[in-house]
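Working notes, structure below.
The values are calculated or read from the model by the stated rules, or taken from the named source; none is laboratory data. Since the model is a prediction, treat every value here as computed from it, not as a measurement. Here the Cβ positions follow ideal geometry from the backbone for every residue, glycine too, while neighbour counts run over all protein chains shown.
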Amino acid sequence: MQRDQMLRHLANETFDLLVIGGGITGVGVAREAARRGIRTALVEMQDFAWGTSSRSTKLIHGGLRYLRNFEFGLVRESVVERQRLLRMAPHLVHPLPFVFPVYTGDPDPLWMLKIGLMMYDWFSGKGTQIPHRMARGKAVMQWEPLLKQEGLVGAGIYQDCATDDARLTIEVLQSAVQWGAVAANYAVVTALRHDRSGKLEAVEVEDTLTRQRFAIRANRVLSACGPWADTVRRMDDPSAPSLLRLTKGVHITVPRDRLPLTNAVTMRGTDGRIMFAIPSGAFTYLGTTDTDYAGRPEDVRADRDDVEYILAAAQKNFPGQKLDFADVVSAWAGLRPLVRSQAANPSAVSRGYELFPSASGLVTIAGGKLTAFRAMASHIVDYLFPATKRAQGTAPSDNPLPGATTEPVAQETVKAISKATGEPEAEVVRVAQRYGRRFGPMWTELQTSGALSDGDPLMAWRLMQLKQAVEHEMAVRLEDVVARRTSLLLFTQDNGQRHLEALGQAMGQMLGWDATRTAAEVERCRQRVQEMFAWKNA
């Protein structure tokens, strides 16, 4: 994960496969291809997981609502992959009970929900840790007492999983690199080079940090660019029709003490759409919206209407909490790169994926789900390199990810860290889980360094995470650290602002920035926070 070294390899070698796009789909394909011994390269124009893969609902789930659209194959694949990911990444994928309340007048009556949950468990097999159960009337309140009681018919209680989507993307990439893949962030594709017969022979790339340009030679090229898929496809063929229907999903975060849920809750918006309220460390987040989006992908933001819609759903489902704008501590907006459809309702568009080959040899993927990234990657590499489908001597594709551990941090250790650093216990657990088996050595090094006794122990705790991000996770901008390698941007009361200047100074020292670059990095992060709350002034 040393970027300078990676860039030299990209410029000087010929690869079997070049993947354009460093979201979960791209890194998943890179991991699967490298696992099979295919010489693989990957480039990402921003940071890894910068787009959709850090802006999802952060769930590993089957998609219960897709049963209503008769997408049984998609749900079964997703549930099976959920069970695999529990084994591959137990530190990043955590079982979470969901309460699905049913009220008088809801489009899905209780009996229909029960049938759906029976199918869900059947798809899961014996690995389901919490088989579904049904509760009727006021018995639902034993599970989630904050729910609205008026008109409550009953509820289904079932299991899905929560994750940190950006961290999962980074660990999948680290696994790909361990198997020999070469990858770089902030490497934007500027052109596709064709030979005289029109076949794609190289991809021209610019390192946006140094402005250096070079060409990457590869025998096969896959565009896994999510919302930017049409842009890359038109580099290959300017007349290519659009493949995508982009829909926007917005989430908001509130302090856990303002919505102290024990379980995740499947709730309905004021228009009947299914949404979620999910407890996460010291916070609870809510979403998502699902509206068509026609702007530039990089400009997607949470609008006032989006936040009002989510808060209205919260007020409908948890009327006693009276959540309002003042409770919102963060918001994020992402785009779903769905395959173009004529469906009038964005929520009715399939979350399945399709491959689109061009005459030049470029293959574009559109659609797909975070949960099913491993299965998608396997199918895609089968398509691109059919001779490797049953390659002998390769490691299993569901091998554990690098940080995988089933050993939680002891509660007494959590309490001790919280006391030493001032970090809430719930957030200590979040950090410890994020790093898995790597956390123990990180904490030991911090203790022995003496930094905890030097003025600001919480700052020392965050510097520990910064150091890990820079040295082992290819974080090269301050925003990479606060927005994706850690949860400071979304899951702290001040969006990480208290320590932003000090973190910038420390990162600048590690990477050799001058004062101008350091100030620019800090300002970039402050601007990101301002953009996140632009809806307040609308």
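Here are the numbers for the structure shown:
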read-out: Scope the range 264-299; condition surrounded by fewer than 24 Cβ atoms within 10 Å (Cβ to Cβ), touching a Pro at 6+ places or on another chain (Cβ under 8 Å) and of a type in the set (A, V, I, L, M); matching residues; value: Met267, Ala282
read-out: Selection from the range 165-188 of residues that are of a type in the set (Val, Ile, Thr), assigned to a helix (DSSP H, G or I) and over 28 Å from Phe491 (Cα atoms); value: Val177
read-out: Subset of the range 53-91 that is among the polar types (S, T, N, Q) and over 18 Å from Met275 (Cβ atoms) - its residue that is surrounded by the fewest Cβ atoms within 10 Å (Cβ to Cβ); value: Gln83
read-out: Test: Ala49 is in contact (Cβ under 8 Å) with a residue 40 or more places away in the chain, closer than 17 Å to Ala218 by Cα and buried (at least 24 other Cβ atoms within 10 Å of the Cβ); value: no
read-out: Among residues of the range 278-335, those that are at positive phi and charged (D, E, K, R), counted; value: 1
read-out: Filter pass, Glu471 being in contact with a helix residue (DSSP H, G or I) (Cβ under 7 Å, 6 or more places away or on another chain) and charged (D, E, K, R); value: no
read-out: Number of the exception - Thr210 against (1) more than 26 Å from Ala366 (Cβ to Cβ); (2) under 25 Å from the mean Cα position of the chain (by Cα); (3) among the polar types (S, T, N, Q); (4) part of a loop (DSSP other than H, G, I, E, B); value: (2)
read-out: Yes/no for Asp16 being among the acidic types (Asp, Glu), part of a helix (DSSP H, G or I) and at pLDDT 95 or above; value: no
read-out: Some residue of the range 92-101 being surrounded by 23 or more Cβ atoms within 10 Å (Cβ to Cβ), touching a residue at least 40 places away in the same chain (Cβ under 8 Å), under 25 Å from Leu147 (Cβ atoms) and of a type outside the set (A, V, I, L, M, F, W, C); value: yes
read-out: Odd one out for Tyr435 among (1) free of Cβ contacts under 8 Å to residues at least 40 places away in the same chain; (2) closer than 21 Å to Ser280 by Cα; (3) hydroxyl-bearing (Ser, Thr, Tyr); value: (1)
read-out: Residue that is surrounded by the fewest Cβ atoms within 10 Å (Cβ to Cβ), among those in the range 380-419 that are of a type in the set (A, V, I, L, M) and within 24 Å of Gln433 (Cβ to Cβ); value: Ala410
read-out: Condition broken by Pro255, with the remaining ones in (1) farther than 22 Å from Ala49 by Cα; (2) without any contact (Cβ under 8 Å) to a residue 12 or more places away in the chain satisfied; value: (2)
read-out: Test for Gln2: is it closer than 24 Å to Leu246 by Cβ, surrounded by fewer than 24 Cβ atoms within 10 Å (Cβ to Cβ) and under 23 Å from the mean Cα position of the chain (by Cα); value: no
read-out: Residue among Leu59, Leu42 that alone is within 17 Å of Gly368 (Cβ to Cβ), touching a strand residue (DSSP E or B) at 6+ places or on another chain (Cβ under 9 Å) and not assigned by TED's automatic domain parsing to the domain that holds Thr371; value: Leu59
read-out: Selection count where residues are among the aliphatic types (A, V, I, L, M) and buried (at least 24 other Cβ atoms within 10 Å of the Cβ), scope the range 489-514; value: 3
